1. Of all residues in the stretch 4-17, which are touching a residue at least 12 places away in the same chain (Cβ under 8 Å) and surrounded by 10 or more Cβ atoms within 10 Å (Cβ to Cβ)?
2. Select from the stretch 18-48 the residues that are small (Gly, Ala, Ser) and within 20 Å of Ser8 (Cα to Cα) and list them in ascending order.
3. Could you tell me which numbered condition Asp135 fails, if it satisfies all but one of (1) in contact with a Lys or Arg (Cβ under 8 Å, 6 or more places away or on another chain); (2) more than 21 Å from Ser89 (Cβ to Cβ); (3) without any contact (Cβ under 8 Å) to a residue 40 or more places away in the chain?
4. Give me the pairs, please: first residue somewhere in the stretch 188-212 and at pLDDT below 85, second residue anywhere and open to solvent by 100 Å² or more (accessible area, probe 1.4 Å), beta-carbon distance under 7 Å, and either six or more positions apart or on two chains.
5. Sort through Ala84, Ala66, Ala52 and tell me the only one that's buried (at least 17 other Cβ atoms within 10 Å of the Cβ) and within 29 Å of Thr36 (Cβ to Cβ).
6. Can you name the condition, by its number, that Leu43 falls short on among (1) open to solvent by 70 Å² or more (accessible area, probe 1.4 Å); (2) within 25 Å of Arg5 (Cα to Cα); (3) among the hydrophobic types (A, V, I, L, M, F, W, C)?
7. Consider Tyr32 against the criteria (1) surrounded by fewer than 12 Cβ atoms within 10 Å (Cβ to Cβ); (2) in contact with a strand residue (DSSP E or B) (Cβ under 7 Å, 6 or more places away or on another chain): it satisfies all of them except one. Which criterion is unmet?
8. Within the stretch 89-108, is there a residue that is closer than 24 Å to Ala173 by Cβ and either touching a residue at least 40 places away in the same chain (Cβ under 8 Å) or part of a loop (DSSP other than H, G, I, E, B) (or both)?
Amino acid sequence: NRGGRFFSDAVCASEINGLTIAAGTNVKNFYYKNSTTGNNTTLTATVQGFTAVSQRVNVTEDPNRARALAFTDGPLSLRENTCAQFRWSVRNSGNQEVTSGERRNVTLSDGADGAFYMDVSCSADNRFGENRSLDVNSRGFHVYYKKPTPGNVTITAEAQGLRLTTRGLSVTAVPRPTHLYVSGSNSLVENTCSAAFSVTAKDSHNTPTNAL
């Protein structure tokens with residue numbers, strides 16, 4: 001046995017270091033617990049006058065144990081000043097979704113001038129604060145993000161006790177008009193009101209572009 005403990009009860013509350021098989025009986029149960037994952041250990045029972053016996057035990061990780069955050073949904077690119085939703089989930093070592101298991105503080109960052117929000121409108125008075133946390137039974141969380149200028153950023157999500165996760169994001173500039181184009185009839189009868197002329201704002205690719 002390496003790092004484990006023995007108990008007399010099924011909930012591993014009463015620790016023991018030996019046991020007695022009562023006269024007139026031939027079986028005595030005990031229970032074992034080991035908190036070291038991947039610990040391939042050997043349990044050995046010895047008693048004077050008998051040959052020692054052993055049992056191999058492989059200690060595997062609890063499949064419900066939260067190990068990391070994983071990015072699950074959100075764009076790879078968005079326009080500047082556009083509010084977009086991002087989601088993360090809590091995963092075990094096998095990359096399966098599990099509950100947080102405990103209350104964990106959450107930290108988000110982009111290393112730039114973007115900000116995180118709790119509402120779909122990215123309201124200034126509803127920003128994602130430093131005191132946000134995952135609840136015990138939470139399987140993940142979502143937030144909204146907006147960046148006022150173009151550029152490439154890396155969004156990092158951290159939760160206490162879990163491996164962090166990162167997400168690359170390209171924030172592109174909103175097309176801006178660079179010139180005007182006038183269209184309409186090039187002929188007009190004197191003293192008459194012309195048909196409508198149109199003035200169109202276009203970008204550098206000559207594509208109609210909304211004025212900002």
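1. The answer is Gly4, Arg5, Phe6, Phe7, Ser8, Asp9, Cys12, Ile16.
2. Just the residues of the stretch 18-48 that are small (Gly, Ala, Ser), to begin with: 18, 22-24, 35, 38, 45.
Hits for the stretch 18-48 are Gly18, Ala22, Ala23, Gly24, Ser35, Ala45.
3. Unmet condition: (2).
4. Lys202/Tyr181; Asp203/Arg176; Thr209/Arg176; Leu212/Arg176
5. Details: Ala84 fails: within 29 Å of Thr36 (Cβ to Cβ); Ala52 fails: buried (at least 17 other Cβ atoms within 10 Å of the Cβ).
Within the list Ala84, Ala66, Ala52, the selection yields Ala66.
6. With (1) open to solvent by 70 Å² or more (accessible area, probe 1.4 Å); (2) within 25 Å of Arg5 (Cα to Cα); (3) among the hydrophobic types (A, V, I, L, M, F, W, C) applied to Leu43, the lone miss is (1).
7. Every condition holds for Tyr32 apart from (1).
8. Taking the stretch 89-108 as the starting set, the residues that turn out to be closer than 24 Å to Ala173 by Cβ are 108.
Keeping just the survivors that are either touching a residue at least 40 places away in the same chain (Cβ under 8 Å) or part of a loop (DSSP other than H, G, I, E, B) (or both) gives 108.
There is at least one residue in the stretch 89-108 that is closer than 24 Å to Ala173 by Cβ and either touching a residue at least 40 places away in the same chain (Cβ under 8 Å) or part of a loop (DSSP other than H, G, I, E, B) (or both).
The values are calculated or read from the model by the stated rules, or taken from the named source; none is laboratory data. Remember, predicted model here, so these are calculated numbers, not experimental data. Note: ideal-geometry Cβ built from the backbone for every residue, glycine included; neighbour counts use all protein chains shown. Heads up: the accessible areas ignore ligands, DNA and RNA and are worked out on the full protein's heavy atoms, side chains in. Shrake-Rupley method; radii C 1.70, N 1.55, O 1.52, S 1.80 Å.
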